[in-house]
Amino acid sequence: MKYLDEFSDPDLAKKLLERIHAITTRPWSIMETCGGQTHSIIRHGIDQLLPEGVEMIHGPGCPVCVTPLETIDRALAIAERPDVIFCSFGDMLRVPGSDRDLFTIKSRGGDVRVVYSPMDAVQLAVENPDKQVVFFGIGFETTAPANAMTVHQARRLGLTNFSLLVSHVLVPPAISAIMESPTCRVQGFLAAGHVCSVMGTGEYPPLAEKYRVPIVVTGFEPLDILEGIRKTILQLEQGRHEVENAYERAVPAAGNPAAQAMLEDVFTVTDRTWRGIGRIPGSGWMLAEKYAEFDAEKRFSVTDIVTDESPLCRSGEVLQGMVKPHECPAFGKECTPRNPLGATMVSSEGACAAYFAYRRLELTAR
């Protein structure tokens, strides 16, 4: 398949690994910022094939994982209302709140529906004028344009029964928060290609310069990731800290101007709480004032719901790259995909889920 099979070629992967080994003279710590990259790295054993001392640190790049517990609880409070059709992508239904999840609400009679596009929720609002339809809009910059379009379309159609529960987060402020943490060990970043396909690469040079770290934009196939690692290590070995695009087939430097215009119209930057990490200034979006009528938090008065994380779950440390998933005492015991304590285990892109799927037998055999 075009852009898939040829980027999984084992012979080319071997050659790239040989180049990586040839240029590496010392240990380096590199963080991938996307959960999709994490799963590819663990699934293909890329981290185990790198030179000794080169460590891949798994960053907070899973949108489901970083959605804060209080936002999940607000979603649950809205979803259990009898006048609401609550719409979400499927990966959010099993993310645990304080004492239940969206599947629990659905099993108790709540009208919770999995949709395949945010615009499906708008169509449901058109078809069900006697119901309040809410779409759970989460994610990084990648999914934000489509979610913004729902609000734009709802206004155009004059819908008064549609609203958006917004939990969008932004990558650049998270990189700053990671680099300013006293426990930071990151020396270089693999930036998420799909985020940059929307926003471009212009936000990253100031970060590379300020923190003196290379940032390489990569895709998600094995060769994409290996090339990103090679470029990052080469910069580190040469003492450079620049932004490089190793995913040019999908990422133009300017990103997607039309999507950016939609985002600028519908959203405004705000502080956001990241699950397991805490509040990061300027790290998210909320609806702009002119679209405030579509804000589900305000419409259903759930802004006062604030909750605490499980004391057993160390997902916050996993998301910050402080520990690997299997170093959490609850991993594979109290916390499994069937009974997840944190979103890093339930999400299809979570680091804990990746280790459970691809490394569990190896790790428990030790």
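The table for this structure:
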| quantity | calculated |
| --- | --- |
| Helix axis angle, 10-23 relative to the chain longest principal axis, alpha carbon, degrees | 60 degrees |
| Base-10 log of normalised Debye intensity for the range 1-105 (one unit scatterer per alpha-carbon) at q = 0.15, 0.25 Å⁻¹ | -0.77, -1.34 |
| Eligible aspartates and glutamates near Lys298 by straight Cα distance, threshold 14 Å, same-chain separation 8 or greater | Glu289 |
| Gyration tensor (alpha-carbon) shape descriptor, the range 29-159, a/c threshold 1.5 | prolate |
| Farthest positive-ward along the chain dipole, Cα basis, beta-carbon charges - from His241, Gly202, Pro51 | Pro51 |
| Lysines with Cα under 24 Å of Lys14, excluding same-chain neighbours fewer than 8 positions away | Lys2, Lys231 |
| For the range 37-43, 3J(HN,Hα) per residue [Karplus equation, 6.51 cos²θ - 1.76 cosθ + 1.60, θ = phi - 60°, Hz, x = Gly/Pro] | 5, 4, 5, 5, 4, 6, 4 |
| Dipole magnitude (debye, nearest 20) for the chain, charges at Cβ of Lys, Arg, Asp, Glu | 440 debye |
| Most mobile of Gly282, Gly193, Gly239 in a GNM of the chain (Cα contacts under 10 Å) | Gly239 |
| Orphan Cys of the chain, criterion: no other Cys C-beta under 4.7 Å | Cys34, Cys87, Cys184, Cys196, Cys313, Cys328, Cys335, Cys352 |
| Residue with peak Gaussian network fluctuation, the chain [Cα springs, cutoff 10 Å], from Val151, Val306, Val195 | Val306 |
| Dipole moment magnitude, nearest 20 debye, the range 229-359 about Cα centre, only Lys, Arg, Asp, Glu C-beta charged | 540 debye |
| Value of relative contact order over the range 67-188, rounded to a whole percent, pairs C-alpha under 8 Å and six or more apart | 23 percent |
| Between helix 144-157 and the chain: long-axis angle, C-alpha atoms, 0 to 90°, nearest 10 | 20 degrees |
| The chain: most fluctuating residue of Pro172, Pro82, Pro222 per GNM, C-alpha cutoff 10 Å | Pro82 |
| Among Val269, Leu319, Phe300 - extreme Cα towards positive end, dipole of the range 261-366, charges at beta-carbon | Leu319 |
| 0 to 90° range, to nearest 10: angle between helix 257-266 axis and the chain longest Cα axis | 40 degrees |
| Shape of the range 227-310, Cα gyration tensor, a/c cut at 1.5 | oblate |
| Antiparallel DSSP beta bridges within the chain, percent to nearest 5 | 20 percent |
| Structure-based [θ]222 nm, the chain - -39500 (n - 2.57) summed over DSSP H runs of at least 4, per residue, nearest 500 | -11000 deg cm²/dmol |
| Low-density loop cleavage sites - trypsin sites (Lys or Arg not before Pro) in the range 208-246, where at most 14 other Cβ are within 10 Å (DSSP) | Arg212, Arg240 |
| Percent of beta bridges antiparallel (DSSP, the range 177-279, rounded to nearest 5) | 20 percent |
| Gly284 long-range amide H proximity, modeled H, under 5 Å | Leu170, Thr270, Arg272 |
| Whole-number Å³ per residue for the convex hull built on Cα positions in the range 135-291 | 125 Å³ |
| Globularity ratio of the chain, using Cα Rg and 2.2 N^0.38 Å | 1.00 |
| Amide H contacts under 5 Å for Glu55, placed H, 5+ residues apart | Trp28, Ser29, Ile30 |
| Cα-Cα pairs of the range 113-169 separated by more than 13 Å (percent) | 54 percent |
| Cα centroid separation - the range 136-174 against the range 299-342, whole Å | 25 Å |
| Charge tally in the Cβ shell below 13 Å around Ala259, where Lys, Arg are +1 and Asp, Glu are -1, Ala259 excluded | -3 |
| Shape call, the range 218-366: gyration tensor on alpha carbons, a/c limit 1.5 | oblate |
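Taken together, the values in this text are just the output of simple stated rules run on the coordinates, not laboratory data. A quick note: this is a predicted structure, and the numbers were derived from the prediction, not measured. Note that each Cβ is placed from the backbone with ideal geometry, even for glycine, and that neighbours are counted across all protein chains shown.
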